[in-house]
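**Q** Here it is, the structure, as structure tokens.
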Amino acid sequence: MRISEIELCYTDLDWFAIDKNKKIMCFTSGGYGNVPEFVCASKENTELLSEFFENAHDCTTAIVVQDEKSGVNLDYWRAASQKGLYCFDAVDGQDDTPSYTKISVPEEPLYFHELPPHIQSIIGTNFIDTDADTADTIIVDHAY
């Protein structure tokens, strides 16, 4: 089933992508961030990825790059980066926000080839042409 435009308005959606170096990135829309077509195309796949990464074991140390005044839940992001994920949030609170700001990074990143085959088959087309190490913000085209 497809994620509808209406659902995106009230759902703080976690979604996942790979960068050009095959590192894994996590994004949280906050109900107002742009969400790409590859996420909206399958609600089931988006939920499977979210469940997989939520249940993944910590494998590294997280480095928070936002200060406490940013208004985001840094504990949430720290926990995600401890799983090897680069974390970005649509933090400005405006509807249809195209940009996501880097919140935290893993000391040792998780790579695409380290994922189980069934997860690779889902996230393999979720590509964003960026370098998660150097990008402070990422612009995302909205599916709608």
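**Q** Please tell me which of these pairs span more than 19 angstrom C-alpha to C-alpha: Lys20/Lys102; Lys20/Lys43; Lys22/Lys83; Lys22/Lys102; Lys23/Lys102? Mind dumping the intermediate values first?
**A** Values: Lys20/Lys102 16 Å; Lys20/Lys43 24 Å; Lys22/Lys83 15 Å; Lys22/Lys102 17 Å; Lys23/Lys102 14 Å.
Over 19 Å Cα-Cα: Lys20/Lys43.
**Q** How long are the three semi-axes of the equivalent ellipsoid of segment 76-144, in whole Å, if each is the root of 5 times an eigenvalue of the C-alpha gyration tensor, listed from largest down?
**A** Gyration-tensor ellipsoid for segment 76-144: 22, 17, 11 Å.
**Q** Pick from Leu49, Leu115, Leu13 the residue whose mean-square fluctuation is largest in a GNM of the chain, springs joining Cα atoms under 10 Å.
**A** Leu115
**Q** In whole percent, and with a 1.4 Å probe on the protein chains, what portion of the accessible area of segment 1-139 is carbon and sulfur? Mind dumping the intermediate values first?
**A** Values: 3490 of 7060 Å².
Within segment 1-139, the accessible surface is 49 percent carbon and sulfur.
**Q** Moving on to the next point. What whole-number value in cubic angstrom gives the convex hull volume per residue for the C-alpha atoms of segment 16-144?
**A** Working: hull volume 12.4 nm³, N = 129.
So the per-residue Cα hull volume is 96 Å³.
**Q** FRET efficiency for Glu114 and Met1, Cβ-Cβ distance as r, R0 = 41 Å, nearest 0.05? Each step should come with its number before you reach the end.
**A** Working: r = 29 Å, r/R0 = 0.71.
My answer for the efficiency is 0.90.
The values are calculated or read from the model by the stated rules, or taken from the named source; none is laboratory data. Just so you know, these numbers come straight off a predicted model, no measurement behind them. Cβ sites come from the backbone with ideal geometry, for glycine too, and all protein chains shown count toward neighbours. Surface areas here come from the heavy atoms of the whole protein model, side chains and all, with no ligands, DNA or RNA. Shrake-Rupley method; radii C 1.70, N 1.55, O 1.52, S 1.80 Å.
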